[in-house]
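The values are calculated or read from the model by the stated rules, or taken from the named source; none is laboratory data. From a predicted model like this one, the values you see are computed outputs, not experimental measurements. Counting neighbours? That spans all protein chains shown, and the Cβs are built from the backbone with ideal geometry, glycine included. Ligands, DNA and RNA are stripped out before the accessible areas are found, and what is left, the full protein with its side chains, is counted by its heavy atoms. Shrake-Rupley method; radii C 1.70, N 1.55, O 1.52, S 1.80 Å.
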4 protein chains.
Amino acid sequence: MTINVTVWNENVHEQEEPDVADRYPDGIHGAVADALEADRYSVQTATLQEPEHGLSESVLDETDVLVWWSHCANDEVDDDVADRVVARVHEGMGFVPLHSGKNSKPFKRLMGTSCRIKYRHGGETERIWVADPGHQIADGLDEYFEIPSTEMYGEPFDIPEPDRTVFISWFEGGEVFRSGVCYRRGRGRIFAFRPGHEAYPIFYQSEVRRVICNAVDWAAPNEGATVRWGEVDSIERLEE
Amino acid sequence: MTINVTVWNENVHEQEEPDVADRYPDGIHGAVADALEADRYSVQTATLQEPEHGLSESVLDETDVLVWWSHCANDEVDDDVADRVVARVHEGMGFVPLHSGKNSKPFKRLMGTSCRIKYRHGGETERIWVADPGHQIADGLDEYFEIPSTEMYGEPFDIPEPDRTVFISWFEGGEVFRSGVCYRRGRGRIFAFRPGHEAYPIFYQSEVRRVICNAVDWAAPNEGATVRWGEVDSIERLEE
Amino acid sequence: MTINVTVWNENVHEQEEPDVADRYPDGIHGAVADALEADRYSVQTATLQEPEHGLSESVLDETDVLVWWSHCANDEVDDDVADRVVARVHEGMGFVPLHSGKNSKPFKRLMGTSCRIKYRHGGETERIWVADPGHQIADGLDEYFEIPSTEMYGEPFDIPEPDRTVFISWFEGGEVFRSGVCYRRGRGRIFAFRPGHEAYPIFYQSEVRRVICNAVDWAAPNEGATVRWGEVDSIERLEE
Amino acid sequence: MTINVTVWNENVHEQEEPDVADRYPDGIHGAVADALEADRYSVQTATLQEPEHGLSESVLDETDVLVWWSHCANDEVDDDVADRVVARVHEGMGFVPLHSGKNSKPFKRLMGTSCRIKYRHGGETERIWVADPGHQIADGLDEYFEIPSTEMYGEPFDIPEPDRTVFISWFEGGEVFRSGVCYRRGRGRIFAFRPGHEAYPIFYQSEVRRVICNAVDWAAPNEGATVRWGEVDSIERLEE
């Protein structure tokens, strides 16, 4: 069964910062799409600059899993498009926000919290530990992997208690962070994955690419049960 | 320690329907406030019709727990006031939506789901079972209590998996419902309690009043730890 | 990928009660095995009466998912065999206790609670509502299904708060019950499913058979990550 | 309301290792009991060497919260005493295992998992971050505190997904660990707290003492609801 994946990117740093453009000549979305190379995926990309940010109703209707990268332009996402993403997640679309996608409107609306963190630029080592080695998103990983140079995110991460905490990061500078957390909202599965600052070639790293594939596999919708909402008649006969 | 409680009510049915006005001459907010009679509570009320719906920044700042009744006017609540309530919950204010308060803007924004249900008017018996007898919100209850005549709410209830499910209802007409569910968002505790249709004298029933008191006690904020958000220096010395 | 399923049954009622033998001429294990007819399953059965209850180390090592029916002989299960089942669940084997399997030694040891309930014999209608319509275990179901005549189980069910509550039952006699609940322990997935009293032909009912297949699919192990337990050297250089 | 606390200690290192005896002249139990000095506590201690390990039925019946330190003698705890502790937790007694108490029979039986970890002796810095700043157990703490020299515990920690993760530790040697995790089993609250190796004066540190007090306050039982287990008559009239 093919999984239809849409990789969304705000695509701003790549336009404005030559070093990012050099690092990601096809955009971060291009690098992430490239990670999803297996036959079981059908991948398209979309960016902020397109009409409706490339996330029209018909695009979302045909998307099984939406992978989302955003950072400096989180506020520029149209409210209606953000609500449309949220509604599709409720219907079953998987949602995989990467890095500052944790600050995106769809993720914050799905969480109901501020999603605030502490952070530090400059580049330092991150060691991502698998806290839940039985989880599908950890398939094929060693007990940890390292990102040699990255932005730091530190706890507390203002999110609801996760359904599962798959990864916890150790940072050289002294902090920790829940780097991979799972949720369900409506019928949709959500996996927020921390790594991915634009200043580093993180999306070329094999472990990161493996996690993104695993997350897409995990987040793909299933059939589920039928539901009737709204006013209904009684099943049992009611006493007059 | 006194708990400052604000009981909010949209206060519309009481103005428009004589039988509701007869049933609740001081408004539903008046009946709920009356349930919170003990010395440990300091109670005030607020309604939709007041400026800022009676929920100004200063009122919310001084509120430990906000009890909320709403139904037909959920859409009339100002977006900014709804966001202000959400922000105060994140800071620690308890939030206890009653009945269709599960459709209120603050609750839906805190949950991140549609909060849809099925329902039926007409009046039928509801038997509310304690599913979590060790929970503080069940203190002093028998293993179940009944509401002799009420509106039905039926599963599925489109909410995130609750932190704790305290009550599950049996309905005469054949449905079930998770009638008392607990969450945390940010520092704030949330308890959604199903009973309370305006067409029945439910807020005079002793078990319902006991649950509301227990929920307020449970949802009252505690001190917690200090937090620093945003950009921070490293604690450990970073390699150059 | 074939899923290796072992269907275990205490197989006592079938030997001692002619009506049960008539209803389940191949044993309850035979009827459950028959439900797992699809090509993707490789099914074998095992019973209490066999050496090591048919659950030798080698049988368990080759089992992906263990489906378990027990009732009157829960105490006759050897402690070492129960511990062996628990250890295999920790390693990743799925475990699907049916009916009074919720009182089995392996399930109680995995839960850490008493798993007590209230119950009633005699036969009454159970309506099993899907509370989590997005869950894989609910795939292909309508919003509820009914068991026309069954034993009742009532709340409170003394279990840890479930990871997911897939089904909630309504009983004609006035009770409710969390009839399908999900857990993880170690790498293993656990789904406890309520229906299945020996006095009724429940395991021939299509919805029950569909749920068992869905549960086996859901509980099948995945690869996961490698783990090192025990004493380890430091990764970072420690200050002397 | 006074909280009756029993502080249990295996009390072996203190007898066998002079440096531990010097560090904890009244035993680790003495130091922990000393931390619970406030008027709201009534504290007694018990050790492995006493008859029934000092945990007779009557002692446990009068205990609201059991704080538990153990390490090298976990296997010497009598099975019946361990089961008695578990049964009392189900009835509502709080349970606060410290350090290798996570390997104790009662904790492992309450969790249903192996509770395995990785570890390292030698002494290194641990920085304990508050991941859940709104939790009562974090009351009065700064966003982190440090233990200057301690044994390391590293992820993965083979426990069920916690109800709440209050603390996450950063270790100098490169690991992370969920150092404070909350559960409920039956009516009883459980908080496992990592720090406390016998080779360091950890139980004299103010933050550690504060956490133990907070945990005892949080774990103290409440009234709850009444429950009837076992066979019951129907509430509704059943069709013949």
Inter-copy spacing of C:HIS121 label points, which lie 7 Å from Cα along Cα→Cβ, given in nm from shortest upward: 4.7, 5.8, 7.4
Cut-off 11 Å between beta-carbons: net charge of the residues surrounding C:GLY101, Lys and Arg +1, Asp and Glu -1: +3
Exposure of D:TYR144 as accessible area (Å², to 10), given a probe of 1.4 Å and all protein chains: 70
Accessible surface buried once C binds D (1.4 Å probe; total of both sides; Å²): 3100
Chain A, dipole about Cα centre (Lys/Arg Cβ +1, Asp/Glu Cβ -1), debye to the nearest 20: 580
Projected label distance in nm at C:SER149 and A:ALA87, using a 7 Å step from Cα toward the beta-carbon: 4.9
For segment B:106-240, the spread of Cα positions along each principal axis, largest first, Å: 72, 31, 23
Nonlocal amide H pairs with D:ARG178, under 5 Å, H built at 1.01 Å: D:SER169
For the axis carrying chain D to chain B: nearest C-beta residue of D, whole Å: D:ASP163, 4
For chain D, share of DSSP beta bridges that run antiparallel, in % to the nearest 5: 55
q = 0.17 Å⁻¹: log10 I(q)/I(0) that the Debye formula gives for chain D, counting C-alpha atoms only: -1.32
Percent carbon-and-sulfur accessible area, segment D:135-190, ignoring ligands, DNA and RNA, probe 1.4 Å: 38
CD proxy at 222 nm, helix term only [per DSSP H run n ≥ 4: -39500 (n - 2.57); per residue of chain B; nearest 500]: -6500 deg cm²/dmol
Modelled FRET efficiency - R0 22 Å, C:ASP79 with C:TYR204, Cβ distances, 0.05 increments: 0.05
Cut-off under 5 Å, modelled amide H: who pairs with D:ALA131 long-range: D:PHE167, D:ILE168
When the convex hull of its Cα atoms is projected in every direction, mean area for the protein assembly as shown (nm²): 38.9
Contact order normalised by residue count of segment C:1-68, Cα under 8 Å, 6+ apart, percent: 50
Relative contact order %, chain B, counting alpha carbon pairs below 8 Å whose residues are six or more apart: 21
Alpha-carbon centroids, segment B:118-154 and segment C:95-113: separation in whole Å: 28
Inter-chain Cβ neighbour average for residues D:183-190, partner chain, 10 Å: 5
Cβ-based net charge around D:ASN4, under 11 Å, with every Lys or Arg adding one and every Asp or Glu removing one: -2
Backbone HN-Hα couplings from phi across segment A:159-167 [Karplus 6.51/-1.76/1.60, Hz, Gly and Pro as x]: 10, x, 3, x, 4, 9, 9, 8, 10
Global geometry of segment B:112-162, whether rounded, prolate or oblate, following the gyration tensor of its Cα atoms and the 1.5 cut on a/c: oblate
Most positive-pole-ward Cα, D:ILE147, D:GLN136, D:PHE157, against dipole of segment D:130-190 from beta carbon charges: D:GLN136
Largest to smallest accessible area among A:GLU146, B:GLU62, A:GLU172 [probe 1.4 Å]: B:GLU62, A:GLU146, A:GLU172
Antiparallel content of DSSP bridges confined to segment D:1-111, in %, to 5: 0
Modelled label reach - D:ARG237, point 7 Å along Cα→Cβ, segment C:139-153 residues with backbone N closer than 14 Å: none
Label 7 Å beyond Cα on the Cβ vector: A:GLU91 copy-to-copy distances, nm: 3.9, 4.5, 5.5
Probe 1.4 Å, accessible area per residue of segment A:1-127, Å²: 39
Ranked order, D:VAL43, B:VAL77 - accessible area, probe 1.4 Å, largest first: D:VAL43, B:VAL77
Members of B:LYS108/D:LYS102; A:LYS118/B:LYS105; A:LYS108/C:LYS118; B:LYS105/D:LYS108; A:LYS118/D:LYS108 lying beyond 32 Å, as alpha-carbon distances in this model show: B:LYS108/D:LYS102; A:LYS108/C:LYS118; B:LYS105/D:LYS108; A:LYS118/D:LYS108
Shape box of segment B:1-57 [Cα atoms, principal axes, largest first, Å]: 39, 26, 8
Overall form of segment C:68-177 per C-alpha gyration tensor (a/c, 1.5; a/b vs b/c): oblate
Fraction of antiparallel bridges per DSSP, the protein assembly as shown only, in percent to nearest 5: 55
